[in-house]
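A short write-up of the structure that comes next.
The values are calculated or read from the model by the stated rules, or taken from the named source; none is laboratory data. Just so we're clear, the structure is a prediction, and the values are computed from it rather than from any experiment. Neighbour counts are summed over all protein chains in view; Cβ atoms, including those assigned to glycine, are modelled from backbone coordinates with ideal geometry. All accessible areas refer to the heavy atoms of the entire protein, side chains included, with ligands and DNA or RNA removed. Shrake-Rupley method; radii C 1.70, N 1.55, O 1.52, S 1.80 Å.
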Amino acid sequence: MDRIVVKGGGPLAGRIEISGAKNACLALMPATLLSEEPLTLTNAPRLSDIRTMSVLLESLGAEISTMQDGKVLAMSSHAADNHVADYDIVRKMRASNLVLGPLLARHGHAVVSLPGGCAIGARPMDLHISALEAMGAQIDLRDGYLHAEAKGGLKGADITLRFASVGATENTVMAATLAKGTTILRNAAREPEIVDLVECLRKMGAQIEGEGTATITIEGVDRLHGATHPVVADRIETGTYMLAPAIAGGEVELVGGRMDLLGAFCEKLDACGIELSETGTGLIAKRRNGRVDAVNVVTEVFPGFPTDLQAQMMAVMCTANGVSVLEERIFENRFMHAPELIRMGAHIDVQGGIATVTGVEKLRGAPVMATDLRASVSLILAALAAEGETVVNRVYHLDRGYERVEEKLGAVGARIERVSE
Ligand code: EPZ
């Protein structure tokens with residue numbers, strides 16, 4: 001099992017290329033099931049989660065070929081006749097549940113394994129199920145699988161989501177593209193990954209309005225055609241690397257990074273002493289003074305502070321001037337990185353969904369354990385500023401969402417290497 005070894009020190013300097021967004025690509029790939037014509041994605045990230053989604057789609061009968069070193073995914077599901085998403089694949093990656101809507105829309109039935117437990121929270125699918133039921137689907141849970149049937153096809157409906165769930169919005173929008181009539185989805189999620197999905201679906205001939213707002217209207221059509229679509233830049237990868245100079249000092253240029261996708265996050269960085277400026281090809285992030293200032297954070301749905309950047313922000317607050325309070329409101333168990341940061345000398349007090357961090361002058365290197373994707377990269381950020389050596393174990397978590405992290409950080413002067421066993 002691979003480990004990543006980091007020798008702390010700074011400052012950082014140089015350029016990092018931002019990849020396509022994992023969470024956009026994982027929603028875009030199932031869209032291939034909605035048409036018999038080819039869908040090609042460019043600027044795709046090379047990640048283990050993307051490979052898992054490919055395995056899932058191939059198990060459903062899609063054909064997928066990669067080009068340009070994996071950055072281009074050419075997909076076709078003209079012969080996709082299997083509608084069962086197997087537990088053995090789904091249990092590896094929750095986002096597999098994004099085939100439910102497209103399979104139901106395409107075949108009129110789908111059998112999709114429930115993903116099961118997750119380190120960061122219960123993550124039920126009740127919102128996905130109730131939205132599809134509102135469109136006329138019959139959904140039963142049997143033997144750990146959702147058995148969904150839409151006799152006569154799905155029908156447009158007026159749906160209000162109890163919570164602006166990203167996944168439920170994506171599944172419902174995809175299903176509604178081929179439904180009879182109009183679907184109005186209220187309290188929809190507004191994340192940039194949904195805007196990217198809708199832009200792609202529109203290229204395939206879908207009739208959709210309102211993406212990026214809380215109300216999305218979808219006029220069902222008889223069929224969708226093929227398209228080529230570039231995956232939007234990864235705002236969470238961008239935000240993560242913006243925080244590298246915040247904790248280790250210096251200045252980095254993020255090629256392809258976009259500040260417009262990171263609303264409230266950029267305001268928080270400005271408040272804690274990080275200077276951000278846009279360039280022709282991306283953005284520059286640098287620390288104004290020797291140490292950032294403590295700021296309070298509350299995670300929210302977009303355009304609020306992203307939960308997927310909470311762990312990384314906590315790492316930076318561990319070395320900030322003063323006391324910061326981080327409140328996690330999206331997932332009920334997303335502070336697993338805190339005990340590991342405490343092993344590195346951080347002062348963190350966790351009470352339920354609230355963590356109080358008292359900044360220290362210096363962290364110290366230690367062997368630590370990655371527990372989930374964003375927690376693992378927060379440990380790497382902390383290690384960049386720690387005295388001595390840190391060894392991060394179970395980096396398979398990291399490879400799910402960060403492309404070649406040791407090369408990207410190494411290119412800006414970090415002393416980081418991957419050790420394979
Ligand atoms: C997406 O997950 C992302 N994953 C997550 O990123 C991200 O943290 C999350 O959105 C929030 O921004 C992908 O896009 C693949 P939700 P998703 O449905 O769609 C509750 C990462 O690190 N909920 O918006 O699963 C749920 O339990 C990952 O890249 C229900 O109660 O998130 C959670 O508390 C982690 N019932 C909240 O809503 C439902 O039916 C947000 O979930 C659905 C969700």
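Details
- Residues (crowded, with 24+ Cβ neighbours inside 10 Å, over 27 Å from L26 (Cβ atoms) and of a type in the set (G, A, S)) located in the stretch 386-413: A386
- Residue list for the stretch 267-283, restricted to those being in contact (Cβ under 8 Å) with a residue 12 or more places away in the chain and outside any loop (DSSP other than H, G, I, E, B): K268, L269, A271, C272, I274, E275, L276, E278, G282, L283
- Verdict on I330 being open to solvent by 10 Å² or more (accessible area, probe 1.4 Å) and free of Cβ contacts under 8 Å to residues at least 12 places away in the same chain: no
- Residue match in the stretch 166-175 (condition: surrounded by fewer than 24 Cβ atoms within 10 Å (Cβ to Cβ) and more than 16 Å from the ligand (Cβ to nearest atom)): no
- Flag for E421 being of a type in the set (D, E), more than 21 Å from Q310 (Cα to Cα), open to solvent by 10 Å² or more (accessible area, probe 1.4 Å) and modelled with pLDDT of 95 or more: no
- Output for the stretch 346-376, where each listed residue is closer than 30 Å to P45 by Cα and out of contact with any Gly (no Cβ under 8 Å at 6 or more places or on another chain): P367, V368, M369, A370, T371, D372, A375, S376
- Positions within the stretch 107-134 being surrounded by 24 or more Cβ atoms within 10 Å (Cβ to Cβ) and more than 15 Å from the ligand (Cβ to nearest atom), in sequence order: A110
- Looking only at residues in the stretch 137-149 that are surrounded by fewer than 18 Cβ atoms within 10 Å (Cβ to Cβ) and touching a residue at least 40 places away in the same chain (Cβ under 8 Å), the one that is nearest to the ligand (Cβ to nearest atom) is G144.
- Within the stretch 60-88, the set of residues being modelled with pLDDT of 95 or more and under 20 Å from E170 (Cβ atoms) comprises L60, A62, I64, L73, M75, S77, H83, A85.
- Scanning the stretch 369-421 for residues that are within 20 Å of the chain's Cα centre (by Cα) and of a type in the set (D, E, K, R) gives D372, R374, R394, D399, R400, E403, R404, E406, K408.
- Selection from the stretch 312-352 of residues that are more than 22 Å from P124 (Cα to Cα), aliphatic (A, V, I, L, M) and under 21 Å from the mean Cα position of the chain (by Cα): M313, M314, A315, V316, L326, A338
- Residue list for the stretch 14-27, restricted to those being open to solvent by less than 10 Å² (accessible area, probe 1.4 Å) and either more than 16 Å from the ligand (Cβ to nearest atom) or closer than 17 Å to R223 by Cα (or both): I16
- Conditions (1) within 10 Å of the ligand (Cβ to nearest atom); (2) within 21 Å of E251 (Cα to Cα); number of the one not met by R329: (2)
- For the stretch 28-46, the set of residues classified as open to solvent by 30 Å² or more (accessible area, probe 1.4 Å) and assigned to a loop (DSSP other than H, G, I, E, B) consists of E36, E37, P38, N43, R46, listed by residue number.
- The stretch 204-254 - residue that is within 23 Å of the chain's Cα centre (by Cα) and charged (D, E, K, R) and, of those, surrounded by the most Cβ atoms within 10 Å (Cβ to Cβ): D234
- Complete set of residues in the stretch 373-421 that are among the small types (G, A, S) and either touching a His at 6+ places or on another chain (Cβ under 9 Å) or farther than 23 Å from A13 by Cβ (or both): A375, S376, S378, A382, G401, S420
- Looking across the stretch 28-51, the residues that are under 16 Å from V198 (Cβ atoms) and away from the ligand (no atom under 13 Å from the Cβ) come down to A31, T32, L34, S35, L39, L41.
- Single residue of L185, L161 found to be within 13 Å of the ligand (Cβ to nearest atom) and farther than 25 Å from E36 by Cα: L161
- Strands (runs of 3 or more DSSP E) enclosed by the stretch 47-148 - at least 1 residues per element that are in contact with a Pro (Cβ under 7 Å, 6 or more places away or on another chain): 72-76
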